[in-house]
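I have placed the structure first, in the form of structure tokens, so that the comments after it can refer back to it.
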């Protein structure tokens, strides 16, 4: 049968209070009355005789302990109640700080500081990833048998062959626009003959590489990021490590090799189409 919560004074040590009964939500009213009648001070609170204890009871016990000048950390409870009282004590006796709303220069400086910190972490993570990739690539070069040809060819198809129509179309359209604008401007100077040289130099020096790089970054690299991110969220990369395989060697190097091989070829096609 459930017994209501109560606080008694120890006969041997009057300064020690003994908590008994069930400190649960069903007895919330009785616990509030105990808090209202709490003495001004006490030496200790013994909660080892508490029968049942839930989060509401632990919170009320914490409020009682604070009112008598103690804390929930000083209350001795049964081992099965220890984790609950520690959790409640961390919440009740250490409330989260409310961030003060700042304005003006202080807020601007704070945002700048947070931004610089975030960028610094991103740069450090990028440098660490680059170093790990180079280390793994060097190991594969020293041991060519570890190079994974099949996934590399598969990614070369994704990076190169699947992107050829888009690269050709975009390069042709940009070349047509440059030729039209160049002819329009150079006509006033009687130099329409140099339109061909204008388009050729523009694509050989700048536009072919730039357009190809933008397409690969926006189309292929983002697809690679999404694939690896989905694998990370699905704990597939952890499974790869559990199997004793290197995720960099298995996932990163084939994709990176495909990009390095297909980028010059796509750039050449962009030059021809432009």
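The values are calculated or read from the model by the stated rules, or taken from the named source; none is laboratory data. Because the structure is predicted, anything quoted here is derived from the model rather than measured. So basically every Cβ, Gly included, is an ideal-geometry build from the backbone, and we count neighbours across all protein chains shown.
Here region 144-173 is the region considered, the condition is being more than 30 Å from the chain's Cα centre (by Cα) and not in a helix (DSSP H, G or I), and the residue that is surrounded by the fewest Cβ atoms within 10 Å (Cβ to Cβ) is 147.
For residue 252, the test of being under 26 Å from residue 136 (Cα atoms), touching a residue at least 12 places away in the same chain (Cβ under 8 Å), within 23 Å of the chain's Cα centre (by Cα) and assigned by TED's automatic domain parsing to the domain that holds residue 153 is passed.
Can you find a residue in region 55-67 that is outside any helix (DSSP H, G or I) and surrounded by 18 or more Cβ atoms within 10 Å (Cβ to Cβ)? Can you show your working first?
Applying the first criterion (outside any helix (DSSP H, G or I)) to region 55-67 yields none.
No, every residue in region 55-67 fails to be outside any helix (DSSP H, G or I) and surrounded by 18 or more Cβ atoms within 10 Å (Cβ to Cβ).
Would you mind stating whether residue 243 is free of Cβ contacts under 8 Å to residues at least 12 places away in the same chain, within 30 Å of residue 265 (Cα to Cα) and loosely packed, with under 14 Cβ neighbours inside 10 Å? No, not satisfied.
Would you say residue 90 is outside any loop (DSSP other than H, G, I, E, B) and touching a strand residue (DSSP E or B) at 6+ places or on another chain (Cβ under 9 Å)? Lay out the reasoning, then the answer.
Numbers: outside any loop (DSSP other than H, G, I, E, B): yes; touching a strand residue (DSSP E or B) at 6+ places or on another chain (Cβ under 9 Å): no.
So residue 90 does not fit the description; no.
Entry remark, region 115-157: residues being over 19 Å from residue 249 (Cβ atoms) and either modelled with pLDDT under 85 or in the same structural domain as residue 261 (by TED's automatic domain parsing) (or both) number 1 in total. Of all residues in region 1-43, those that are farther than 16 Å from residue 60 by Cα and under 48 Å from the mean Cα position of the chain (by Cα) total 4.
Could you tell me whether residue 208 is modelled with pLDDT of 85 or more and on the phi < 0 side of the Ramachandran plot? Reasoning before the result, please.
Details: modelled with pLDDT of 85 or more: yes; on the phi < 0 side of the Ramachandran plot: yes.
Considered against the rule, which asks whether it is modelled with pLDDT of 85 or more and on the phi < 0 side of the Ramachandran plot, residue 208 comes out as yes.
In this structure, is residue 230 exposed (fewer than 12 other Cβ atoms within 10 Å of the Cβ), modelled with pLDDT of 85 or more, within 23 Å of the chain's Cα centre (by Cα) and not assigned by TED's automatic domain parsing to the domain that holds residue 132? Yes; evaluated as a whole, the condition is true for this residue. Looking only at region 7-14, decide whether some residue is surrounded by 15 or more Cβ atoms within 10 Å (Cβ to Cβ), at pLDDT 80 or above and closer than 22 Å to residue 91 by Cα. No: zero hits. Taken together, the criteria exclude residue 123 from residues that are more than 30 Å from the chain's Cα centre (by Cα) and part of a helix (DSSP H, G or I).
Looking at region 35-42, can you tell me whether even one residue there is farther than 21 Å from residue 83 by Cβ and part of a helix (DSSP H, G or I)? Yes, region 35-42 contains a residue that is farther than 21 Å from residue 83 by Cβ and part of a helix (DSSP H, G or I).
The residues on offer are 223, 183, 202, and the sole one that is within 40 Å of the chain's Cα centre (by Cα) and assigned to a helix (DSSP H, G or I) is 223. Taking the criterion of being under 15 Å from residue 200 (Cβ atoms) and touching a residue at least 12 places away in the same chain (Cβ under 8 Å), the residues of region 154-183 that qualify are 171, 172, 174, 175, 178, 179, 182, 183.
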